[in-house]
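These notes are about the structure you will find just below.
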Amino acid sequence: MAKTLFDKIWDSHVVKTIEDGPNVLYIDRHFIHEVTSPQAFGGIKARGIQVARPNQVIATPDHNIPTVDQHLTIHDELSRVQVETLKKNCEENGITMYGLNHPYNGIVHVVGPEMGITQPGMTIVCGDSHTSTHGAFGSIAFGIGTSEVEMALATQCIMQPKPKKMRINIEGTLANGVTSKDIILYIISKISTGGGTGYFVEFAGSAIRSLSMEARMTICNMSIEMGARGGMIAPDETTFEYVKGREYAPQGEQWEKAVAYWKTLVTDEDAVFDKELHYEAADIEPMITYGTNPGMGEKIVGNIPTLDSIDASSKVTFQKSMDYMGFAPGDKLEGKQIDYVFLGSCTNGRIEDLRAFAAAVKGRKKADNVTAWIVPGSKQVEKQAIAEGIKEVLEEAGFELRQPGCSACLAMNDDKIPEGKYAVSTSNRNFEGRQGPGSRTLLASPLTAAAAAVTGTIADPRTIFNL
Amino acid sequence: MPIDKFVTVQTTVVPLPIENVDTDQIIPARFLKATTKDGFGDNLFFDWRYDKAGQPKADFVLNNPIYSGSVLVAGKNFGSGSSREHAAWAIAGYGFKAVVSSFFADIFRNNSLNNGVLPVQVTDAFLAGLFKSIDADPKAEVKIDLENQTITNVSTGESESFEINSYKKNCLVNGYDDIDYLLSLKDEISAYEKQAIKF
Ligand code: SF4
């Protein structure tokens, strides 16, 4: 029978099928971090058992760590306890951890790919919804709750109902100044934050094929923002090229075997999806969000929707969102003043993102009204940015490079956008208070963030940088 | 750990007619620094519930003594966003046994089931009817019968059936948890590993 890419990987990982219930799904790789794992370790300890397959678990603290002075003790006591608890749990169970100051430390979804831990054909879970990032390699990767982290630690399996399948095809060539972040913001603005709920999404089409691995990760990363269980892209030469030679990648003869297998990981021609959507790359322009969920996005040259374009049942929620943002329905977006710029997160904290931002701001100056936080996604990204001279370019333009971590993406550490302030942010969520109590987030690409950083306003990067 | 058994409930409800309630609202990130599951109920909907001085906001439903009960009724697409199970712990910790909405985010649905909180997905029309009944009478009740998979708007007598797979239903009714079950599959898991594709 013709199978989708998703079916092929899922079916080969089912240990057992429960009638009218979930599948018992085997997990190849399990990433853990300090925030969603302590209660899971507590659970297995209470049962008097150990982690079943410690060498398939990788840990890195990221959510709750400072992005300055990482060599010092973490001053926030609760954060410090969480990070220390992770360390202790890993030591007790023989799990590899890339701790603070380790050259491989970073945001879990940046670390996995750059170490080659993430590979095509795998099942990958983490107690974090943006685990969907790893789907860019043609793996089934999704976020789980702490009960499921406990299951995976205890048995290397979790219980999952098989989701429905959707394919989103994007054909054609992206215009200058339009990035993969704009693709995903565009799709979510079309289908809403619930549009993918119940589905696992495969992204396909010539526009997707032409993207780099990092750009593909940005798209899969945000597939959760349309409610999808995860997103994935069939592996190809771009994928193999990226994985090759990385620390955990198969070597020698094993590499040849792996690639031969990975090449079979494509959706068969006559495989059927439960839902299929088609978009044209040429229709996509630089995007920005104006509201309090990632589906509230618009092209940067556009206006916020007017109230009468909103469904009657959604008007109250929409107006609540406008009040929070301090915007009015129908407002023009370009030209609005902003206060902060955040470049970073597992969505856009990779070296390509830093390169794009630095290339754009080179020879210009940060606007005086803007506070900017440039946060690499990992130690390796930081190192690379220094080696390539990106740090210098940024400093000349009035920016500083911080140390890696989740930072202002979720504001669990000190990097909080103050109440009422506007932040153009390359992260993935613009929920109320996401970047700090009262913070107002506008999601956008690194290029659009650069345009905001040098103008102090919402600005079209195509105009500002003559793209 | 065994979860509480779910029996039929009939109760007044707490209405939250907002759509797309995300997990960052249910439990803001700064409360995720704990290493146990205790005490999350106190911080449920914190930024909607308290002002900057930590005083209850009078206009938020959890602070309105007219409304009470062990069922939360919310607008569509409840629980989107992060995978933090802390959201389910906060809802369970506050004392809710079920959440009623016309749409749930996937991860939240799993997390709440794993904590003995039943997500009851109803039609938009049923949800609208329920909000109307609560508007008319804050003491309006719902009845949720898990065994028969039905929910009833007691004021109007309107009733609807809801979906839950029989495995999860069995777990909730009996208070079983998935980990005990998975641990019992040790041999099958090892057998799987022997034939799995590895590089
Ligand atoms: S960067 Fe943001 S979205 Fe990514 S893992 Fe960290 S907190 Fe989550």
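No value in this document is a laboratory result; all are computed from the given coordinates. Everything numeric here is computed off the predicted structure, so don't read it as measured data. Reconstructed Cβ throughout: ideal geometry from the backbone, glycine too, with neighbour counts over all protein chains shown.
Taking a threshold of 32 Å on the Cα-Cα distance, which of the pairs A:16/B:37; B:37/B:76; A:181/B:76; A:365/B:33; A:88/B:198 fall above it?
Violating the 32 Å Cα-Cα cut-off are A:365/B:33.
Rounded, prolate or oblate for the stretch A:226-383? Axes are the square roots of the Cα gyration tensor eigenvalues, ordered a ≥ b ≥ c, and the cut-off for rounded is a/c under 1.5.
Since a/c reaches 1.5 but b/c is at least a/b, the shape of the stretch A:226-383 is classed as oblate.
Name the residue, out of B:91, B:134, B:66, whose mean-square fluctuation peaks in a Gaussian network model built on chain B with Cα pairs under 10 Å.
Of B:91, B:134, B:66, the Gaussian network model singles out B:66 as fluctuating most.
Would you please classify the overall shape of the protein assembly as shown from the alpha carbon gyration tensor, given that a ≥ b ≥ c denote the square roots of the eigenvalues, rounded means a/c under 1.5, and beyond that prolate means a/b larger than b/c while oblate covers the rest?
Here the protein assembly as shown falls in the rounded category.
In terms of modelled amide H atoms, which long-range or inter-chain residues lie less than 5 Å from the amide H of residue A:372?
A:341
If you take each beta carbon of peptide A:152-159 and count the beta carbons of other chains within 10 angstrom, what is the mean?
For peptide A:152-159, the averaged partner shielding equals 5.
So what is the 222 nm mean residue ellipticity for chain A from helices alone, if each DSSP H run of at least 4 adds -39500 (n - 2.57) and you divide by all residues, rounding to the nearest 500 deg cm²/dmol?
Value at 222 nm, helices only, nearest 500: -9000 deg cm²/dmol.
If you plug each phi of the stretch A:14-19 into the Karplus form 6.51 cos²θ - 1.76 cosθ + 1.60 with θ = phi - 60°, what whole-Hz ³J(HN,Hα) values come out, in order, with x for Gly and Pro?
So the J values, rounded to whole Hz, are 7, 7, 7, 10, 9, 4.
With θ set to phi - 60° and the Karplus curve 6.51 cos²θ - 1.76 cosθ + 1.60, what are the ³J(HN,Hα) couplings of the stretch B:181-197 in order, to the nearest whole Hz, using x for Gly and Pro?
5, 4, 4, 6, 9, 2, 5, 5, 5, 4, 5, 4, 4, 5, 9, 5, 6
Among B:121, B:149, B:55, whose mean-square fluctuation peaks in a Gaussian network model of chain B (Cα, cutoff 10 Å)?
Evaluated over chain B, the most mobile residue of the options is B:55.
Across the residues of A:16-26, average count of Cβ atoms on other protein chains within 10 Å?
Averaged over the peptide's residues, the number is 4.
With θ taken as phi - 60° and the coefficients 6.51, -1.76 and 1.60, list the Karplus ³J(HN,Hα) couplings across the stretch A:316-326 in order, rounded to whole Hz; mark glycine and proline as x.
Once rounded to whole Hz, the list reads 4, 4, 5, 5, 4, 5, 4, 4, 4, 7, x.
Check each of the GluC sites (Glu not before Pro) in the stretch A:193-249 and keep only those in coil by DSSP with at most 12 other C-beta atoms within 10 angstrom; list them in order.
Passing both the DSSP loop test and the Cβ count: A:247.
Which of these, B:20, B:111, B:148, has the largest mean-square fluctuation under a Gaussian network model of chain B (Cα springs below 10 Å)?
Per the Cα network of chain B with a 10 Å cutoff, B:148 tops the list.
Under 5 Å between amide H atoms, partner at least 5 residues away or on a different chain: which partners does residue A:425 have, H built in plane at 1.01 Å?
For residue A:425, whose amide H was placed from the backbone, the distant partners under 5 Å are A:342, A:442, A:443, A:444.
What is chain B by shape, rounded, prolate or oblate, if you read a ≥ b ≥ c off the alpha carbon gyration tensor as root eigenvalues and call it rounded for a/c under 1.5, prolate for a/b larger than b/c, and oblate otherwise?
oblate
Dipole magnitude of the stretch A:1-82 about its Cα centre, charges +1 at Lys/Arg Cβ and -1 at Asp/Glu Cβ only, in debye to the nearest 20?
360
With the contact rule set at Cα under 8 Å and sequence spacing of 6 or more, what percent relative contact order holds for chain B?
This gives 25 percent for chain B.
If amide hydrogens are placed 1.01 Å from N in the peptide plane, which non-local residues have theirs closer than 5 Å to the one on residue B:98?
Excluding prolines and chain starts, which carry no amide H, the hits are B:72, B:118.
Averaged across orientations, what area in nm² does the convex hull of the alpha carbons in the stretch A:18-117 project?
Projected area, direction-averaged: 7.9 nm².
Compute, for chain A, the length of the dipole vector about the Cα centre, with Cβ point charges of +1 (Lys, Arg) and -1 (Asp, Glu) only. Units Debye, rounded to 20.
The dipole magnitude comes to about 240 debye.
In what sequence, highest mean first, do A:343-352, A:294-303 appear when ranked by Cβ atoms within 10 angstrom?
A:343-352, A:294-303
With just the Cα atoms of the stretch A:352-452, tell me how far they stretch along each of the three principal axes, in Å, largest first.
Each principal axis gives a Cα extent; for the stretch A:352-452 these are 36, 27, 20 Å.
Over chain A, what is the relative contact order in whole percent, taking alpha-carbon pairs under 8 Å and six or more residues apart?
17
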